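Each remark here refers to the structure printed beneath this line.
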Amino acid sequence: MNDVLLSVQELWVSYGNIKAIHGISFDVHEGEIVTLIGANGAGKSSTLRAISGLIPYTGKILYKGQELRKISADKIVGMGIAQVPEGRGIFGNLTVLENLKLATWQRKDKPEIARDFERVFGIFPRLQERRNQLGGTLSGGEQQMLAVARALMSRGKMVLLDEPSMGLAPVLVREIFRIIGEINQSGTTVLLVEQNANMALRAANRGYVLETGNITLSGTGAELLGNPRVKEAYLGG
Ligand code: ATP
């Protein structure tokens, strides 16, 4: 297996008296798609927020061996960890083009950016058509595409995706998962948080099941898909 790119060790997250994450540990290796699946409130988003430097935590999060705790959220993005937050995190009052341009702010390879616009518009022709439309006026599915496209434009070495399939029609869910595969094929390591366990486990090399702040199962995507407990709790029997 390739080198560990991201290592989460004994992560605890609390909101006041509520302990959301209870000392979880997991690794993501370079080139993998790893998924965290779990029900509402299991702590999936909190895990991603901790990695992104958006909330305080105890325990260690290492990226390429470097501890992230004291590093600010914007520097973490600059280190190559791109984020697609739940609820999309796009700028509604900026156009599609402006949203995409903003995602490149930390990049130093300016000449490559024009090429990436072509690549992203190749993947998402709908966004190219609507490049001058305000983000807030896009449909839900288009906004989700824009959020994923922003992560592509930031050219992260790693991308954190928080429920990219949320609220999308089945045909778009398949499209988003196809694109996640494509992003991964082009060399980006993916940490994917999903309630859609079926699609996520099919796409992932490995997965972890998060239940009320604890990791209760782990394995390859195929192992988890075949696990009776996963089937019963997350795959509709
Ligand atoms: P969902 O799929 O519903 O988004 P999740 O697995 O991403 O769920 P989290 O959003 O990480 O779960 O929430 C984990 C727990 O922490 C939940 O019990 C939630 O109510 C609590 N929590 C999350 N954010 C806060 C906050 N800002 N203040 C207080 N409690 C919070």
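Which residues, taken from region 147-194, are within 20 Å of Leu102 (Cα to Cα) and open to solvent by 30 Å² or more (accessible area, probe 1.4 Å)?
Answer for region 147-194, where residues must be within 20 Å of Leu102 (Cα to Cα) and open to solvent by 30 Å² or more (accessible area, probe 1.4 Å): Arg150, Arg155, Lys157.
Is there a residue in region 166-179 that is acidic (Asp, Glu), over 24 Å from Gln106 (Cα atoms) and modelled with pLDDT of 85 or more?
So the first thing to find is which residues in region 166-179 are acidic (Asp, Glu), and the list is 175.
Checking the rest, the ones that are also over 24 Å from Gln106 (Cα atoms) come to 175.
The next check asks that each one be modelled with pLDDT of 85 or more; those that pass are none.
Scanning region 166-179 turns up no residue that is acidic (Asp, Glu), over 24 Å from Gln106 (Cα atoms) and modelled with pLDDT of 85 or more.
Pull out all pairs, ordered by first then second residue, where Cβ-Cβ is under 7 Å, the residues are six or more apart or on different chains, the first lies in region 12-24 and is more than 8 Å from the ligand (Cβ to nearest atom), and the second is assigned to a loop (DSSP other than H, G, I, E, B).
What qualifies is Trp12/Tyr57; Lys19/Gly213; His22/Gly213.
Can you confirm whether Leu191 is within 16 Å of the ligand (Cβ to nearest atom) and out of contact with any strand residue (DSSP E or B) (no Cβ under 9 Å at 6 or more places or on another chain)? Walk me through it before giving the result.
Values: within 16 Å of the ligand (Cβ to nearest atom): yes; out of contact with any strand residue (DSSP E or B) (no Cβ under 9 Å at 6 or more places or on another chain): no.
No; evaluated as a whole, the condition is false for this residue.
Residues of region 37-71 being part of a helix (DSSP H, G or I), open to solvent by less than 50 Å² (accessible area, probe 1.4 Å) and within 11 Å of the ligand (Cβ to nearest atom), which ones?
First, pick out the residues of region 37-71 that are part of a helix (DSSP H, G or I): 44-51.
Narrowing the set further to residues that are open to solvent by less than 50 Å² (accessible area, probe 1.4 Å) leaves 44-48, 50-51.
Scanning region 37-71 gives Lys44, Ser45, Ser46, Thr47, Leu48, Ala50.
Suppose the filter is surrounded by 14 or more Cβ atoms within 10 Å (Cβ to Cβ), away from the ligand (no atom under 16 Å from the Cβ) and of a type outside the set (Val, Ile, Thr); does Gly80 pass it? Step through it out loud before you land on a result.
Values: surrounded by 14 or more Cβ atoms within 10 Å (Cβ to Cβ): yes; away from the ligand (no atom under 16 Å from the Cβ): yes; of a type outside the set (Val, Ile, Thr): yes.
Judged against the criteria, Gly80 is a match.
Looking at Ala233, is it surrounded by 15 or more Cβ atoms within 10 Å (Cβ to Cβ) and under 16 Å from the mean Cα position of the chain (by Cα)? I'd like the intermediate steps shown before the answer.
Values: surrounded by 15 or more Cβ atoms within 10 Å (Cβ to Cβ): yes; under 16 Å from the mean Cα position of the chain (by Cα): no.
No, not satisfied.
Suppose we filter region 103-135 for residues that are open to solvent by 50 Å² or more (accessible area, probe 1.4 Å), of a type in the set (Gly, Ala, Ser) and assigned to a loop (DSSP other than H, G, I, E, B); how many remain? Explain how you work it out, then say what you get.
Residues of region 103-135 open to solvent by 50 Å² or more (accessible area, probe 1.4 Å): 105, 108-112, 114-115, 118-119, 122, 125-126, 128-134.
The next check asks that each one be of a type in the set (Gly, Ala, Ser); those that pass are 114, 122.
Imposing the further condition that a residue be assigned to a loop (DSSP other than H, G, I, E, B) reduces the set to none.
Looking only at that region, the number is 0.
I want to confirm something. Restricting to region 25-36 and keeping residues that are outside any loop (DSSP other than H, G, I, E, B) and open to solvent by 20 Å² or more (accessible area, probe 1.4 Å), which single residue is nearest to the ligand (Cβ to nearest atom)? Even if it seems obvious, please write down each step before you answer.
The initial filter retains those residues of region 25-36 that are outside any loop (DSSP other than H, G, I, E, B), namely 25-29, 33-36.
Keeping just the survivors that are open to solvent by 20 Å² or more (accessible area, probe 1.4 Å) gives 25, 27, 29.
Values: Ser25: 17, Asp27: 20, His29: 23 Å.
If we take residues in region 25-36 being outside any loop (DSSP other than H, G, I, E, B) and open to solvent by 20 Å² or more (accessible area, probe 1.4 Å), then Ser25 is nearest to the ligand (Cβ to nearest atom).
For Leu100, all conditions in the list (1) modelled with pLDDT under 85; (2) over 14 Å from the mean Cα position of the chain (by Cα); (3) in a helix (DSSP H, G or I); (4) under 22 Å from Asp74 (Cβ atoms) hold save one; what is the number of the exception?
The number of the failed condition is (1).
The values are calculated or read from the model by the stated rules, or taken from the named source; none is laboratory data. This one's a predicted model, so the numbers in the text were calculated from it and none came from an experiment. No Cβ is skipped: glycine too gets one built from the backbone with ideal geometry, and neighbour counts run over all protein chains shown. Surface accessibility is based on the protein's heavy atoms, side chains included, excluding ligands, DNA and RNA. Shrake-Rupley method; radii C 1.70, N 1.55, O 1.52, S 1.80 Å.
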